[in-house]
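Read through the structure below, which is laid out as structure tokens, and then see the notes.
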Amino acid sequence: MSDEEEEEPAVTLGERTAVDGAPLARVSSRLTWPKEKSEVDRLEGDSVVRTPDGPRELSEILADVDETYFERYQEFETHVRDVIGTGPIQTADE
């Protein structure tokens, strides 16, 4: 293939659509682990997280989590996903 030939993307990308809230992984990556639930709430409770039902504040989600201490971020994310569920995230246009 010569340098002059233009390559097409391997995957056709769609239009960029706004999504409210931050991915859960982004919020958990800003913290060091292990961490108590109350400390997560103090540090990141006002963060808005993407959920299948729309954006929600982390404090609201943590209120429904029974665990009080998270050894690792994976444990934290599992408990949060048990509350918020998994599935497609709504976009701002939906």
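The values are calculated or read from the model by the stated rules, or taken from the named source; none is laboratory data. Because the structure is predicted, anything quoted here is derived from the model rather than measured. Every residue, glycine as well, gets a Cβ built from its backbone with ideal geometry; the counts of neighbours run over all protein chains shown.
Considering (1) outside any helix (DSSP H, G or I); (2) modelled with pLDDT of 95 or more; (3) under 12 Å from the mean Cα position of the chain (by Cα); (4) not hydroxyl-bearing (Ser, Thr, Tyr), the lone condition that Ile89 does not fulfil carries the number (2).
Filtered by the rule that a residue be small (Gly, Ala, Ser), exposed (fewer than 15 other Cβ atoms within 10 Å of the Cβ) and within 19 Å of Asp66 (Cβ to Cβ), region 26-42 gives a lone residue, Ser38. Filtering region 37-59 to residues that are at pLDDT 95 or above, touching a helix residue (DSSP H, G or I) at 6+ places or on another chain (Cβ under 9 Å) and of a type in the set (Asp, Glu) leaves Asp41, Glu44, Asp46.
Tallying residues that are touching a helix residue (DSSP H, G or I) at 6+ places or on another chain (Cβ under 8 Å) and within 15 Å of Thr86 (Cβ to Cβ) within region 18-27 yields 2.
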